[in-house]
Amino acid sequence: MAESLRIWFLASEVAPFAKTGGLADVAGSLPGALKKLGMDVRVGLPYYRMVKEGGFSVRKVLEGLEVPLGDRVLRGNVLETTTEEGIPVYLFARDDLFDRPYLYSTPKGDYPDNLERFTYLSRAAILFAKQAGLDFDLIHCHDWQTGLIPAYLKTLYRADSFFSRAASVFTIHNLGYQGLFPQDKLPICGLPASEFHPEGLEYWGQISLLKAGIMYADAITTVSPRYSQEIQTPEFGLGMDGTLRKRSADLYGILNGADYHVWDPARDVHVPANYSPGKMAGKRRCKESLIQEMGLEPSLRKSPLLGMISRLDFQKGLDLLVQILDEVLALDVGLVVLGSGDERIQKAIQAAAERHPGHVGLEIDFNEPLAHRIMAGADMFLVPSRYEPCGLTQIYALKYGTVPIVRATGGLDDTIQAFDPKSGKGTGFKFVPYEPKALLDQIKKAVKTYHNGSAWGKVVKNGMKADFSWDESARKYVLLYKKVKKGNKMETRG
């Protein structure tokens, strides 16, 4: 039997308990895959209002946990629930910090006390582990919200025998979110002033919790091999490329997996008809139902229907799409968009809907069931991102026979193979220059292929056969955990 490691897995959002994006999907599904490989995994996250209102069965396991925060000591409770796989999930409760309508920000901007909120989470997670006797081998932290944890293990708790053999892995899901705060807030973190320097958590005169995770963790991972290379360049490094190059020997790219228990058209509970590669009639029914639900022209049943599920912002390539909307819709296609974000993008899509009645469906919201129905009902799926650490929607789209049109960056490039009509190989359509014309050309190519029934059937079936389950990626994480635990470097990247 493989050696079992005790993993303390900490993230600011974990599906199905609390979710704003792909981090929650990863944090919700990777622990189950690790458990299948014999790992003893415990998960921790804040007890948000979203979790309270989720109808989960919880029990209190610790009352009055004392957590230092600046010159104060806050007392909070810890509750426990479990995942479907039976993995313990610990919820750190403090209503003044986490009982709010949103996780990180309101439509007007970030919560001003985010440093306090996630410093509390990081200190509470460490202190609870000791008080509850969770003698972990390794702590796996995710994104800036937990970036202080590796720093604590190397500074405040370095001499504590309980933590002396604990290693840390820090995963960057999106380098664009850096957890930046003013220098004068350093006392809140509880770290000595001597750690505020370029080799620590100082970043151009500010505190960066992301940089703390990068500099103090024993190993750093990104969510795709390509992204681990890109972020070491000025183009994609967002000012962190020099820091990442310094840690390059400890930086690994491990591709995110898909949770096919949730995202599988053969058993999806949110779609009007299930289907599989050998029985595709259900997909046609899903398309007809989506056209009706979004108020589109019934004639679009015979035309390509493009789908997009995304934050409406410039990172996701929406600035490219809005520039070519009229030309795209002139191809006699339909477009369905689900997401929220930049008001300028929202208004541009709404204006296109008015100019092309019955051809554009827009839902400004986060609606998980509708996301599944778009995935099943669309023919093509747009992910024209400026940069994309991994991306999960294009992986889901493959499973649903919804052909991705992506920019060749990060995980999009790692997961989508350009379709070659001559060989019949490939799973989607890709463009390289970040330009509206490049996107439009690939949409035109996809539309042309759609009208060639045999070629379209090939690219659809190629995608549906692709396997991006967590099994292989989870094995790579276990290998990394063991290498880090032994203090060795991983010999094989990716």
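Among the residues that make up segment 72-82, is at least one of them in a strand (DSSP E or B), within 23 Å of residue 472 (Cα to Cα) and among the aliphatic types (A, V, I, L, M)?
no
Out of everything in segment 457-482 that is free of Cβ contacts under 8 Å to residues at least 12 places away in the same chain and not small (Gly, Ala, Ser), what residue ends up being surrounded by the fewest Cβ atoms within 10 Å (Cβ to Cβ)?
Looking at the filtered set, the residue picked out is 467.
Is segment 143-160 home to any residue that is over 23 Å from residue 250 (Cα atoms) and either in the same structural domain as residue 74 (by TED's automatic domain parsing) or part of a helix (DSSP H, G or I) (or both)?
Within segment 143-160, one or more residues are over 23 Å from residue 250 (Cα atoms) and either in the same structural domain as residue 74 (by TED's automatic domain parsing) or part of a helix (DSSP H, G or I) (or both).
Just name the residue that is surrounded by the fewest Cβ atoms within 10 Å (Cβ to Cβ) out of those in segment 243-301 that are part of a strand (DSSP E or B) and more than 24 Å from the chain's Cα centre (by Cα).
Among them, the one singled out is 279.
If you check 3, 85, 13, which single one turns out to be under 19 Å from residue 145 (Cα atoms), among the acidic types (Asp, Glu) and assigned to a loop (DSSP other than H, G, I, E, B)?
Going through 3, 85, 13 in turn, the sole match is 13.
Residue 409 fails exactly one of the following numbered conditions: (1) closer than 24 Å to residue 264 by Cα; (2) under 20 Å from the mean Cα position of the chain (by Cα). What is the number of that condition?
So the condition that residue 409 fails would be (1).
Out of all the residues in segment 234-249, is one or more under 20 Å from residue 34 (Cα atoms) and assigned by TED's automatic domain parsing to the domain that holds residue 154?
Scanning segment 234-249, I find no residue that is under 20 Å from residue 34 (Cα atoms) and assigned by TED's automatic domain parsing to the domain that holds residue 154, so the answer is no.
Given the structure, is residue 10 touching a Cys at 6+ places or on another chain (Cβ under 8 Å) and modelled with pLDDT of 95 or more?
yes
So, in segment 16-29, exactly how many residues are part of a helix (DSSP H, G or I) and touching a residue at least 60 places away in the same chain (Cβ under 8 Å)?
Adding up the residues that qualify gives 7.
Table: residues versus (1) on the phi < 0 side of the Ramachandran plot; (2) in contact (Cβ under 8 Å) with a residue 60 or more places away in the chain; (3) among the aromatic types (Phe, Trp, Tyr); (4) outside the structural domain of residue 213 (by TED's automatic domain parsing).
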site: 11; (1), (2), (3), (4): yes, yes, no, no
site: 14; (1), (2), (3), (4): yes, yes, no, no
site: 31; (1), (2), (3), (4): yes, no, no, no
site: 39; (1), (2), (3), (4): yes, yes, no, no
site: 56; (1), (2), (3), (4): yes, no, yes, no
site: 61; (1), (2), (3), (4): yes, yes, no, no
site: 66; (1), (2), (3), (4): yes, yes, no, no
site: 71; (1), (2), (3), (4): yes, yes, no, no
site: 81; (1), (2), (3), (4): yes, yes, no, no
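Out of all the residues in segment 17-50, which are of a type in the set (Lys, Arg) and under 22 Å from residue 76 (Cβ atoms)?
42, 49, listed by residue number.
Just to be sure I understand the filter: pairs with C-beta atoms under 9 Å, separated by 6 or more residues or on different chains, first member in segment 413-426 and under 21 Å from residue 389 (Cα atoms), second member hydroxyl-bearing (Ser, Thr, Tyr) and assigned to a helix (DSSP H, G or I). Which pairs pass?
What qualifies is 414/227.
The values are calculated or read from the model by the stated rules, or taken from the named source; none is laboratory data. Being a predicted model, the structure only gives us computed values, none of them experimental. No Cβ is skipped: glycine too gets one built from the backbone with ideal geometry, and neighbour counts run over all protein chains shown.
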